[in-house]
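Trainee: Take this structure first; my questions come after.
The values are calculated or read from the model by the stated rules, or taken from the named source; none is laboratory data. What you see is a predicted model; the values in this text were computed from it and never measured. Backbone-built Cβ (ideal geometry, glycine too); neighbour counts: all protein chains shown.
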Amino acid sequence: MILKNNKPEDLEWLPETGSQALSMVYEVVRIIDRKPVFWKDHLVRLFKSMQLARLVSPLSSQEIEQQVNTILTAETRDSGNLMIRVTWNPDPVTEIGYIPHRYPTREELDEGVRMATFRAVRQNPNAKTWLPGVRLKANDMIKELGVYEVILVNDLDEVTEGSRSNLFCITNNVVLTPPVEDILPGITRQMVIRLAGEMGIRLKETKLPLNELLSSDAVFITGTSPGVLPAQQVDEQSFSPGHKIIRDLQKSYAELISGTSPPNPLSQGRGGTSNQ
């Protein structure tokens, strides 16, 4: 089931958006045992994206929560990725429903994945808006090259983020990641940075030239579906996916998302409750 302007439709998956939408803001939330992971953080970012895009939300946070709860209660599936999407064409349409997902296999988590670089810049990067030009080209490149993800490189030859993930590298046991002003501030990224601080791992947000990324000791990405996922290769450069810092962060992140969800995350007041 999906909801379109709070009206149920008997569909297994939320359909892909059409290119005719003038503007679109969205969130993809991981559901585990019918509980949305990091719910409050996603809800805050949804409204922040609308603010940055100068769009007015057709719904309050409570109304969105109620509709998400309707989906979670009605659906038979316990886990997956749930999308909340608001499009303007020009009138707003709110749609909520599960979308197809692909989580990394155990082998990919252990041995890493192949990635490639992609020359592209996201406009208004702090807002999670639909950018069909960048996304469709990235999807084509992923399919053509047979890689898991592509890493965006800007006009200054700096890496910024993945097409649907955030980027980290490790050099001399220091974790480096592009600064928040240049990227979409991912929820998983935010949690990994917090975990690194709690674990005593040195981490620095800094501009990251492509040559520095390719000469680093290890590379990994974070995101709703990948979690903490190491790179085996970026372009022609190979990396060690088994770096101790990556393994420690994978373990801590897996524990975080599996063991800290409240029993009823959408029934505990305004804004929901984060899985932090």
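Trainee: Restricting the search to segment 191-218, which residues are crowded, with 17+ Cβ neighbours inside 10 Å and closer than 29 Å to Leu46 by Cβ?
Mentor: Met191, Val192, Ile193, Leu195, Ala196, Leu203, Leu208
Trainee: Now, a different point. Evaluate segment 227-240: report whether one residue or more is surrounded by fewer than 20 Cβ atoms within 10 Å (Cβ to Cβ), more than 18 Å from Val192 (Cβ to Cβ), of a type in the set (A, V, I, L, M) and in contact (Cβ under 8 Å) with a residue 60 or more places away in the chain.
Mentor: No, the conditions are met nowhere in segment 227-240.
Trainee: Based on what the data block shows, is Ser49 crowded, with 19+ Cβ neighbours inside 10 Å, polar (S, T, N, Q) and in contact with a strand residue (DSSP E or B) (Cβ under 6 Å, 6 or more places away or on another chain)? Explain how you work it out, then say what you get.
Mentor: Values: crowded, with 19+ Cβ neighbours inside 10 Å: yes; polar (S, T, N, Q): yes; in contact with a strand residue (DSSP E or B) (Cβ under 6 Å, 6 or more places away or on another chain): yes.
When the stated conditions are applied, Ser49 passes them.
Trainee: So, one more: With respect to the numbered conditions (1) touching a Lys or Arg at 6+ places or on another chain (Cβ under 9 Å); (2) buried (at least 16 other Cβ atoms within 10 Å of the Cβ), which one is the sole condition not fulfilled by Pro92?
Mentor: Single failed check for Pro92: (1).
Trainee: Using the structure shown, decide if Glu9 is modelled with pLDDT of 95 or more and more than 13 Å from Val68 (Cβ to Cβ).
Mentor: Numbers: modelled with pLDDT of 95 or more: yes; more than 13 Å from Val68 (Cβ to Cβ): yes.
The answer is yes for Glu9.
Trainee: Let me ask another. Where the second residue is surrounded by 18 or more Cβ atoms within 10 Å (Cβ to Cβ) and modelled with pLDDT of 95 or more and the first is of a type in the set (Phe, Trp, Tyr) and lies in segment 136-159, which pairs have Cβ atoms under 6 Å and are six or more apart or on separate chains?
Mentor: Tyr148/Val113
Trainee: Given the residues Gln20, Gln67, Gln51, which is the only one that is polar (S, T, N, Q) and either at pLDDT 95 or above or under 30 Å from Cys169 (Cα atoms) (or both)? Reasoning before the result, please.
Mentor: Values: Gln20 fails: either at pLDDT 95 or above or under 30 Å from Cys169 (Cα atoms) (or both); Gln51 fails: either at pLDDT 95 or above or under 30 Å from Cys169 (Cα atoms) (or both).
When all the criteria are applied, what remains is Gln67.
Trainee: On to the next question. Kindly indicate whether Ser216 is closer than 24 Å to Ile142 by Cβ, hydroxyl-bearing (Ser, Thr, Tyr) and touching a strand residue (DSSP E or B) at 6+ places or on another chain (Cβ under 6 Å).
Mentor: On the way: closer than 24 Å to Ile142 by Cβ: yes; hydroxyl-bearing (Ser, Thr, Tyr): yes; touching a strand residue (DSSP E or B) at 6+ places or on another chain (Cβ under 6 Å): yes.
So Ser216 fits the description; yes.
Trainee: Suppose we keep only residues that are among the aromatic types (Phe, Trp, Tyr) and more than 15 Å from Pro226 (Cβ to Cβ) within segment 110-151. Which one would you say is surrounded by the most Cβ atoms within 10 Å (Cβ to Cβ)? Step through it out loud before you land on a result.
Mentor: Filtering segment 110-151 for residues among the aromatic types (Phe, Trp, Tyr) gives 118, 130, 148.
Right, trim to more than 15 Å from Pro226 (Cβ to Cβ) and you get 118, 130.
Values: Phe118: 20, Trp130: 15.
For segment 110-151, the residue satisfying everything is Phe118.
Trainee: Regarding Thr105, is this residue loosely packed, with under 15 Cβ neighbours inside 10 Å and among the hydroxyl-bearing types (Ser, Thr, Tyr)? Steps first, please.
Mentor: Details: loosely packed, with under 15 Cβ neighbours inside 10 Å: yes; among the hydroxyl-bearing types (Ser, Thr, Tyr): yes.
It is true that Thr105 is loosely packed, with under 15 Cβ neighbours inside 10 Å and among the hydroxyl-bearing types (Ser, Thr, Tyr).
Trainee: Right, another one. Could you tell me how many of the residues in segment 1-41 are under 29 Å from Tyr253 (Cα atoms) and either touching a helix residue (DSSP H, G or I) at 6+ places or on another chain (Cβ under 6 Å) or outside any helix (DSSP H, G or I) (or both)? Lay out the reasoning, then the answer.
Mentor: Residues of segment 1-41 under 29 Å from Tyr253 (Cα atoms): 13-14, 25-41.
Now drop any that are not either touching a helix residue (DSSP H, G or I) at 6+ places or on another chain (Cβ under 6 Å) or outside any helix (DSSP H, G or I) (or both), which leaves 13-14, 25-38, 41.
Final tally of qualifying residues: 17.
Trainee: Also: Kindly list, by first and then second residue, each pair from a residue in segment 61-85 that is within 19 Å of Thr17 (Cα to Cα) to a residue that is in a helix (DSSP H, G or I) and modelled with pLDDT of 95 or more, limited to pairs with Cβ atoms under 6 Å and residues at least 6 apart or on different chains.
Mentor: If the second residue must be in a helix (DSSP H, G or I) and modelled with pLDDT of 95 or more, no pairs are left.
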